[in-house]
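Undergrad: Sharing a structure here in structure tokens format.
The values are calculated or read from the model by the stated rules, or taken from the named source; none is laboratory data. Because the structure is a prediction, the values reported are computed rather than measured. Reconstructed Cβ throughout: ideal geometry from the backbone, glycine too, with neighbour counts over all protein chains shown. Side chains included, ligands, DNA and RNA excluded: accessible areas come from the protein's heavy atoms. Shrake-Rupley method; radii C 1.70, N 1.55, O 1.52, S 1.80 Å.
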Amino acid sequence: MIQLPCPWCGPRNASEFTHHGEVTSRPDVGTATPEEWRRYLYFRQNANGWVDENWYHTAGCRRFIRVRRHTLSNETEAAR
Amino acid sequence: MSRQVGRKRLAPQQGEVIDRRTSFEFSFNGKTYAAHPGDTIVSALAADGERVFSRSFKYHRPRGLLTASFHDPGCMVQVGDEPNVRGAHRLAEPGMAVSSQNTWPSLKFDVKAINRFAGRFLTAGFYYKTFMKPEFLWPTYQKVLRQFVHAGEISPDTPHDYYDKRYAHPDVLIAGGGPAGMSAALAAARAGASVMLVEEEHQLGGHLRWTNPGAAAELTAEVAATDGIEVLTNSVVLGRYDQNWIAVAQRDLSHVRERLIKARARTLVVAGGLIERPYVFAGNDTPGVMLSTAVRRLINLHAVKPGERAVVLTANESGDAAIADLERAGVEVAHVADARTGEDVVRVHGRKDVRAVELTGGRRVNADLLVTATGWTAPTSLLNMAGDVPVYSPKAARFLPGGTADDTVLATGGIAGDGSLDQLCEHAEAIGAEAARRAANHRYHQLAAVPTRNDGKLSKPKGTAATLPELGVRQHPELFRASTHGIVDYSEDVSSKDLHLAVAEGYDSAELAKRFTTATMGPIQGKLETINAIATIAEATGKTIAETGTTTWRPMYTPVSLGALAGRIFEPVRYSPMQRWHEQHNATPLVAGQWIRPDHYGDPAAEVRNVRENVGIIDVTPIGKLDLQGADVPKLLNLLYVNKWSKLGIGRVRYGVMCAEDGVVMDDGVTGRLGEDHYLMSTTSSGAARVWEWVENWLQTEHPDWQVHVTPVTTAYASINVAGPKSRELVSRLTEGVDLSAEGFGYMQVRTGRVAGVDDCVLWRIGFTGELSYELHVPASYGLHVWEALLEHGRDLGVRPFGVEGQRILRLEKGHLIVGQDTDGLTKAWSAGIDWAIKLDKDDFVGKPELVWQKENGDGARLVGIQPVDRDVVPPEASQLVTSRGTIVGRITSSRMSPTLGRSICLGQVDAELAKPGTLLTVHLPNGSKVAARVTEHHAHVDPEGTRQNIDTPPSQPRPHATPVARSPIAPGTKTTTIASWQVDARRSSAGLRLTDHTLLAKVGVRGRHDGAIAEALGTSYGRTIRDNGSAVVVGSGPGEWLVLGSPGGQDKLLSRMRDLVENTGEFGTVIDQTHGRALLKISGEEAADLLAKVCGVELSDAATPDGAALRTSVARLVTDVIRLDDNGVPAYFLHCERSSGQYLFDALLDAGAEFGIEVDGTPAAPTL
Ligand SMILES: [Zn+2]
């Protein structure tokens, strides 16, 4: 199990966190087309490399944190 | 007086590990044998002349002792109910019942016939070939193969063993306790590192135990005398995962058979030594063929004479030394074949036993023992798991580390190269010191990142990277196979001929041939056979060994019991404050997520009728409750709910539905406005945690500028719904300070007041059941008091409790949907029949675009009320609704027999065009029959106009009632006493490790900016605890979150003191009483951290978590605040969790602490912090 670098708590086991997936940005609700909205809902980069992810430290500080993670090596760096 | 047991037992040996002073008996296949303490099962049997311990997997050939170690493939036995015991490793115990495995038809049976029969189809790839066509033969194949099934027997009646686990955070973890491992451990410990030294065998020493017992004893004593080294013998490193997450199986404990240690090591040193490899030739698996290390172990460790007349094939000094050992033991060495001069063996003769050895040139030497010393295998698996690819060295005739492992992993000892004992130890010391240096660097960065340290300055570790010394390798002949074919993989019965055949059939790479033949895939997992397999494949393909490469070593390094992997099973359970009452009154328990709830008390239909006719009370504590405070709460509510919230007046309650961004209904509940900027939100019971996280997500990531503080208060309140026409009468008999008249407290309103003498109760007038009803939220410690008062004061009104089933019937009669029951993961809001609540004219709310489009398209199902035409038929939930042609057009989502109407009633989802009232539907029942049902006008089957809750009986006067008693969630022992209205445990213990319930302490939560004026006024922040001048303890429990603890009964004073403090700062902050919402336990004693390390993965060292540290983590899988507050130098930890799980945590701590002799100590008369 990898550790994640929580900027509040220090390194903690990943099992303390809830994965909230890649960072996305919410389209303008007033103008979004169905395609834009569903891209926001369902489409992810799924890169083989560095990705920015949201994690919630459920069993810790209960902060949403942003972590840069390399999906191949599992290297991480805090990106709050 | 010493007595020795066994016909083959030798006179005392210098390094022997048996205790000759005593002996005991055990049985093998029903026959009695004697053993000394220290004997393995197999050494005791060998001491009595036994040579056959099992039969092989496919061909059922007799198998004996080959390596005399954990990895001896022929020595796997059954011990009682336990299969696959490593007989050459497991110590014999008095009375042990051992039996052999793979003994179809019996251990002694002449297997010629079977070999002839089996040989036809048990060749390479037989798994794949056997299960091909013709299909009609499969049952026959199965029958035959079942006879071949190996690996012992599992009894379904075997009781579950107790297993547990533990976390560890060593600076340096060393795999292997031989001379290199011990030297590395000593060097690392002397450099200040904490070391965990793991040795697979029962003693430290490695090969020194038989090559140089004096040196082994000396090093072992030095390790024992050095601080900072934790030695685990009979334990093994199973695997290495990312960031040095290391699994260790510990087997040297008395209270548990096997324990899994999850270690996060800063550096890993791999010092597994070398494993001697067998030689491939005809008959190489015959009992009596042994490795040089095996005979040296037998003679030197167990004083067992391995045979009478031996032939030795030697290519190295281990073989040479074995000759000397054999001679000393009185074994006649009939011939030495020195492979360094080109001599070789061809085959052994004999079936159950070696009779003679045939040498090159055909000479035949009579012997009962053939000892081979043909080379070594480096068990590099831990290095491979760390990214290394081993490289073949033709000079050393073995694979060596490739040097590309992660830089937190180092290797020393035989794995790394060859050398004299001094050279190996010197190398290991350099590696150990470097491991300690890297660990110190790593620790420095880790400590710098944790907020729990005290103010002591962290000094950057000194020391610069050392150039790692290298060990050379010695010349060794490349010796793998003689001129004949023999067994390569003993566990899977794969011969070198099979491998040649596999290559001939096209499986010409190591990975393919391995899978096709199953070589290296048995219980020994390649440790003995990999290099021979690769050499054979190389030979068959005409490639070199280096070109062929090795197969991939994966975890686990050795097999481990599933029980050890499972460890303790931690499943947090939640109870309401009234749960014990429910149990005492024969409630049928319902498991609802983590909650245990009363389903009913015997007759749910009668409970329903009583609610409709008189008054019932139900425990609804699991309903999610979030305290919302701040000026921007209306913005938050408008964003999360589909309906509008801007104009909710103080004292008003509104029902709301939440959707996700895809428009699918996520949760529902009511939210009430308690004050100007103060709201209480309720959620479904199952959705409470999800909604909280959802709210935090929107606040933290999308709207960090909004002034809203959210505090979960689900278990801060015991929630009781009082429902029925007589509910006003009942509630008013116990309520003070609230006008309960129909005009004074209307439907969908909220009030706060005193109930049965308990202050700060929240009363909602809402109606899930359709009756006049009051939902009372009572400070949880008083829940049982209020519950019992309601029953007592409502006796003349006919009050009785009702359970979840009764409530489900009542709400279905009333047509209220349950999210997750009447909706699913595809149900968008317009499909849930809540059109009236959806306000598309709001600028924004979560999921709005999808709902705009759903409305435009009119797509999706509709939730409707449904009544079967036959009033006695209750279609089971999930029954499909179909057209006459069988097309599915919907389904029944809820169904019950209505006690009120005396007919079946349902809710269901149907296609929009069939949702019109009166539409006739066909319900397809699970038994295949079909019944007609009709869509009803309303969701509600009973009282669709909603008149019943408008009943307008006058309230009564409050009556005298019993004095409130506050109760902790932890059940006290039989002896109790009262402190500040709390009933507490009065037991006293002076045990070294004690567990005490401190729930009665005043607990106040404060929220503010993590670095603002409130933080400054409180004097601490996340990670640290201070004692403030008002004798309270201020715990920095989270970023911008504090927990203030005070003496019992002092919460009101503490609350107002904190409110003043926050107000004086002028910053936006909230102060909430958590006294009743949380459980608080204390563990004290020198072994407190050891106990916690069994249930908590966070490092509790003095450096990372000193006195005064505060952190939140998972304890026994429960989110818990851990606060270290030592008692005059004795370590003590306060554990703070949600009240409903307090008993669970208490029990889990007692369970984990049993090995330390933990005892419950009652609450002290004047609890201090
Ligand atoms: Zn955190």
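Undergrad: Would you list the strands (runs of 3 or more DSSP E) that sit entirely within chain A and hold 2 or more residues that are within 13 Å of the ligand (Cβ to nearest atom) and on the phi < 0 side of the Ramachandran plot?
TA: Working: elements: A:3-6, A:10-13, A:18-22, A:50-56, A:64-70, A:76-78.
Qualifying strands (runs of 3 or more DSSP E): A:3-6, A:10-13, A:50-56, A:64-70.
Undergrad: Out of curiosity, is B:D455 closer than 28 Å to B:L219 by Cα and surrounded by fewer than 21 Cβ atoms within 10 Å (Cβ to Cβ)?
TA: Values: closer than 28 Å to B:L219 by Cα: no; surrounded by fewer than 21 Cβ atoms within 10 Å (Cβ to Cβ): yes.
So B:D455 does not fit the description; no.
Undergrad: Quick test for you: out of B:E607, B:E613, B:E583, pick the one residue that is in the same structural domain as B:M666 (by TED's automatic domain parsing) and open to solvent by less than 10 Å² (accessible area, probe 1.4 Å). Quick ask: steps written out before the conclusion?
TA: Details: B:E613 fails: open to solvent by less than 10 Å² (accessible area, probe 1.4 Å); B:E583 fails: open to solvent by less than 10 Å² (accessible area, probe 1.4 Å).
Going through B:E607, B:E613, B:E583 in turn, the sole match is B:E607.
Undergrad: In addition: Restricting attention to segment B:1094-1133, report how many residues are under 26 Å from B:W595 (Cβ atoms), within 16 Å of the ligand (Cβ to nearest atom) and not acidic (D, E).
TA: 9
Undergrad: Mind telling me which of the residues B:R800, B:R871 ends up being open to solvent by 30 Å² or more (accessible area, probe 1.4 Å) and touching a helix residue (DSSP H, G or I) at 6+ places or on another chain (Cβ under 6 Å)?
TA: Working: B:R871 fails: touching a helix residue (DSSP H, G or I) at 6+ places or on another chain (Cβ under 6 Å).
Result of the check over B:R800, B:R871: B:R800.
Undergrad: Let me ask something else. Can you tell me which residue in segment A:1-59 is nearest to B:Q446 (Cα to Cα), limited to those that are within 10 Å of another protein chain (Cβ to nearest Cβ) and among the basic types (K, R)?
TA: Among residues in segment A:1-59 that are within 10 Å of another protein chain (Cβ to nearest Cβ) and among the basic types (K, R), the one nearest to B:Q446 (Cα to Cα) is A:R12.
Conditions tested, residue by residue: (1) in contact with a Lys or Arg (Cβ under 8 Å, 6 or more places away or on another chain); (2) of a type outside the set (F, W, Y).
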| site | (1), (2) |
| --- | --- |
| B:E693 | no, yes |
| B:T714 | yes, yes |
| B:F745 | yes, no |
| B:P779 | no, yes |
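Undergrad: Taking A:F64 as the residue in question, decide whether it is more than 7 Å from every other protein chain (Cβ to nearest Cβ) and surrounded by 17 or more Cβ atoms within 10 Å (Cβ to Cβ). Break it down stepwise before answering.
TA: Details: more than 7 Å from every other protein chain (Cβ to nearest Cβ): no; surrounded by 17 or more Cβ atoms within 10 Å (Cβ to Cβ): yes.
Criteria not met by A:F64.
Undergrad: Can we say B:D252 is more than 14 Å from chain A (Cβ to nearest Cβ), surrounded by fewer than 21 Cβ atoms within 10 Å (Cβ to Cβ) and within 22 Å of the chain's Cα centre (by Cα)?
TA: Values: more than 14 Å from chain A (Cβ to nearest Cβ): yes; surrounded by fewer than 21 Cβ atoms within 10 Å (Cβ to Cβ): yes; within 22 Å of the chain's Cα centre (by Cα): yes.
For B:D252, the condition - more than 14 Å from chain A (Cβ to nearest Cβ), surrounded by fewer than 21 Cβ atoms within 10 Å (Cβ to Cβ) and within 22 Å of the chain's Cα centre (by Cα) - is met.
Undergrad: So which of B:E850, B:E877 ends up being surrounded by 15 or more Cβ atoms within 10 Å (Cβ to Cβ) and within 14 Å of chain A (Cβ to nearest Cβ)? So that I can check it myself, show each step before the final result.
TA: Numbers: B:E877 fails: within 14 Å of chain A (Cβ to nearest Cβ).
The conditions single out B:E850.
Undergrad: All but one of (1) surrounded by 12 or more Cβ atoms within 10 Å (Cβ to Cβ); (2) of a type in the set (V, I, T); (3) at pLDDT 95 or above hold for B:I951; state the number of the condition that does not hold.
TA: It is condition (3) that B:I951 fails.
Undergrad: Only one of (1) in contact with a helix residue (DSSP H, G or I) (Cβ under 8 Å, 6 or more places away or on another chain); (2) not in a helix (DSSP H, G or I) fails for B:T752. Which number is that?
TA: (1)
Undergrad: With respect to the numbered conditions (1) out of contact with any helix residue (DSSP H, G or I) (no Cβ under 6 Å at 6 or more places or on another chain); (2) within 14 Å of another protein chain (Cβ to nearest Cβ); (3) open to solvent by less than 20 Å² (accessible area, probe 1.4 Å); (4) among the charged types (D, E, K, R), which one is the sole condition not fulfilled by B:K262?
TA: (3)
Undergrad: Hey, another quick one. I'm trying to understand the selection: among the residues of segment B:44-73, which are aromatic (F, W, Y) and in contact with a Lys or Arg (Cβ under 7 Å, 6 or more places away or on another chain)? Talk me through it step by step, then tell me what you get.
TA: Our first condition is that a residue be aromatic (F, W, Y); within segment B:44-73, this holds for B:53, B:57, B:59, B:70.
Residues satisfying the conditions are B:F53, B:F70.
Undergrad: Continuing with the same structure: Would you pick out the residues in segment B:437-480 that are within 14 Å of chain A (Cβ to nearest Cβ) and not in a loop (DSSP other than H, G, I, E, B)? Give the steps one after another, and end with the answer.
TA: At the first step, the residues of segment B:437-480 found to be within 14 Å of chain A (Cβ to nearest Cβ) are B:442-453, B:458.
B:H442, B:R443, B:Y444, B:H445, B:Q446, B:L447, B:A448, B:A449 - these are the residues of segment B:437-480 that are within 14 Å of chain A (Cβ to nearest Cβ) and not in a loop (DSSP other than H, G, I, E, B).
Undergrad: Something else about it: Residue by residue through segment A:15-54, note down the ones that are free of Cβ contacts under 8 Å to residues at least 24 places away in the same chain, open to solvent by less than 40 Å² (accessible area, probe 1.4 Å) and under 17 Å from the mean Cα position of the chain (by Cα).
TA: A:Y40, A:L41, A:G49
Undergrad: Here's another thing I want to ask about it. Please pick out the residue among B:V738, B:V750 that is open to solvent by less than 20 Å² (accessible area, probe 1.4 Å), among the β-branched types (V, I, T), more than 30 Å from B:V984 (Cβ to Cβ) and modelled with pLDDT of 95 or more.
TA: Values: B:V738 fails: open to solvent by less than 20 Å² (accessible area, probe 1.4 Å).
On inspection, the qualifying residue turns out to be B:V750.
Undergrad: Within segment B:993-1033, work out how many residues are touching a strand residue (DSSP E or B) at 6+ places or on another chain (Cβ under 9 Å) and open to solvent by 40 Å² or more (accessible area, probe 1.4 Å). Talk me through it step by step, then tell me what you get.
TA: If we filter segment B:993-1033 for residues that are touching a strand residue (DSSP E or B) at 6+ places or on another chain (Cβ under 9 Å), which is where we start, we get B:993-1008, B:1010, B:1014-1015, B:1018-1028, B:1030-1033.
Narrowing further to those that are open to solvent by 40 Å² or more (accessible area, probe 1.4 Å): B:994, B:1010, B:1019, B:1021, B:1024, B:1026-1027, B:1031.
Qualifying residue count, segment B:993-1033: 8.
Undergrad: Oh, and also: Kindly list the number of the only condition in (1) more than 30 Å from B:H600 (Cα to Cα); (2) surrounded by fewer than 23 Cβ atoms within 10 Å (Cβ to Cβ) that fails for B:W830.
TA: Only one criterion in (1) more than 30 Å from B:H600 (Cα to Cα); (2) surrounded by fewer than 23 Cβ atoms within 10 Å (Cβ to Cβ) is unmet by B:W830, namely (2).
Undergrad: From (1) over 23 Å from B:G669 (Cα atoms); (2) surrounded by fewer than 17 Cβ atoms within 10 Å (Cβ to Cβ); (3) more than 14 Å from every other protein chain (Cβ to nearest Cβ), pick out the condition that doesn't hold for B:D859.
TA: If we test B:D859 against (1) over 23 Å from B:G669 (Cα atoms); (2) surrounded by fewer than 17 Cβ atoms within 10 Å (Cβ to Cβ); (3) more than 14 Å from every other protein chain (Cβ to nearest Cβ), just (3) comes out false.
Undergrad: Additional query: Considering only segment B:863-910, state which residues are without any contact (Cβ under 8 Å) to a residue 60 or more places away in the chain, assigned to a strand (DSSP E or B) and of a type in the set (A, V, I, L, M).
TA: B:L881, B:V882, B:I888, B:V889, B:I892, B:V910 - these are the residues of segment B:863-910 that are without any contact (Cβ under 8 Å) to a residue 60 or more places away in the chain, assigned to a strand (DSSP E or B) and of a type in the set (A, V, I, L, M).
Undergrad: Against the definition (out of contact with any Cys (no Cβ under 6 Å at 6 or more places or on another chain) and closer than 22 Å to B:N950 by Cβ), how does B:Q807 come out, yes or no?
TA: Numbers: out of contact with any Cys (no Cβ under 6 Å at 6 or more places or on another chain): yes; closer than 22 Å to B:N950 by Cβ: yes.
Spelling it out, B:Q807 is indeed out of contact with any Cys (no Cβ under 6 Å at 6 or more places or on another chain) and closer than 22 Å to B:N950 by Cβ.
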